[in-house]
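**Q** Sending over a structure as structure tokens; questions will come in a sec.
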């Protein structure tokens, strides 16, 4: 049954992507928002996860405030799907009408150091647009991506992701590939705001609750000397366009105790991500079980 359900989900994704792609951008965004709201209404599990996460992160809020943020999140997800469908139409000239870059000097300064750049990012707003736009502006990168189970959908999604010159790195074979890119002075974008398994992460505070977080960025940075530059994309309602922001490279802890340094730097990265989420709560993906993995002996946080 799960296999059949997954097949229909992939078929629906493929159809929605193709349908939105033939629409003008404005119509595609409206279509994407509608599909996202419909999907969210049909999957109560996502509503439960989002509400639980917001109660954990913002206990002082009312449920009405939380529902408003969830609504904004769903809209952002729908818009991202629409923007993704339009990638084949987004030339360098067109993308500048949709995305403005802020803090590019921070990225360029890190790039000039010559040891590679790790772009620390998360699932903000239309996160798929960020690397696409970065490449269109002349700074292509490699990105970690998990293979989609359906080969046809995986091929379609990757063709869109690489349309502007970016290169995927399959997550299960990432370490050697990332080291090669950084060794050549290249750039790798890594989403660092999702739950991970104990073997691949450490527990650091996220909204006051320990969350298992990938150590990959910290380990790679400490090993290679690559700069870690926070980069994230947010929707600017006033300007009616996305803003791709690069902050100054993170100053790393280098005490000589590798495991302590890995944990401290991972905590620093996580605090930066949390700060962006706090300032823009409606533009982060609350439908993910961020606190699912627990320390040994600790009971599950999610009651469902």
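**Q** Semi-axes of the equivalent ellipsoid of the stretch 222-304: what are they in whole Å, largest first, if each equals the square root of 5 times a C-alpha gyration tensor eigenvalue?
**A** Working through the eigenvalues yields semi-axes of 27, 24, 8 Å.
**Q** Where does each of 67-76, 274-283 land if you order them by average Cβ count within 10 Å, highest first?
**A** 67-76, 274-283
**Q** Set the Förster distance to 30 Å, then compute FRET efficiency between residue 251 and residue 92 from the Cβ-Cβ distance, nearest 0.05.
**A** The computed FRET efficiency comes out at 0.35.
**Q** To continue, here is another question. Measure out, as a whole number of angstrom, how far apart the alpha-carbon centroids of the stretch 41-86 and the stretch 254-304 sit.
**A** Each part reduced to its Cα centre gives a spacing of 19 Å.
**Q** Need one number: nm distance between label points at residue 42 and residue 27, each 7 Å from Cα along Cα→Cβ, rounded to one decimal.
**A** Taking the two extended label points, one gets 2.2 nm.
**Q** Using a Gaussian network for the chain with springs between C-alpha atoms less than 10 Å apart, which of these wobbles most: 238, 21, 183?
**A** Ranking 238, 21, 183 by mean-square fluctuation puts 238 first.
**Q** Provide the packing ranking of 52-58, 158-164, i.e. peptides ordered by the mean count of other C-beta atoms within 10 Å per residue, highest first.
**A** Listed from highest to lowest mean packing, they are 52-58, 158-164.
**Q** Right, next: In nm, give the distance between the simple-model label positions of residue 152 and residue 302, each being 7 Å from the Cα along the Cα-to-Cβ direction.
**A** Label at residue 152, label at residue 302, 3.0 nm between them.
**Q** Quick check on the stretch 63-111: take the gyration tensor over C-alpha atoms, sort the square-rooted eigenvalues as a ≥ b ≥ c, and tell me if it's rounded (a/c under 1.5), prolate or oblate.
**A** Since a/c reaches 1.5 but b/c is at least a/b, the shape of the stretch 63-111 is classed as oblate.
**Q** Taking a ≥ b ≥ c as the square roots of the Cα gyration tensor eigenvalues, with a/c under 1.5 meaning rounded and otherwise prolate when a/b beats b/c, else oblate, which class fits the stretch 145-191?
**A** In terms of gyration-tensor shape, oblate.
**Q** Could you tell me which label, among [x] 175; [y] 142; [z] 225, carries the value of volume of the Cα convex hull per residue in Å³ calculated for this structure?
**A** The listed entry that was calculated here is [y].
Every number here is computed from the coordinates shown, using simple stated rules; none is lab data. Since the structure is predicted, the reported quantities are computational estimates derived from the model, not experimental observations. FYI the Cβ positions are ideal-geometry reconstructions off the backbone, even for glycines, and counts take in every protein chain you see.
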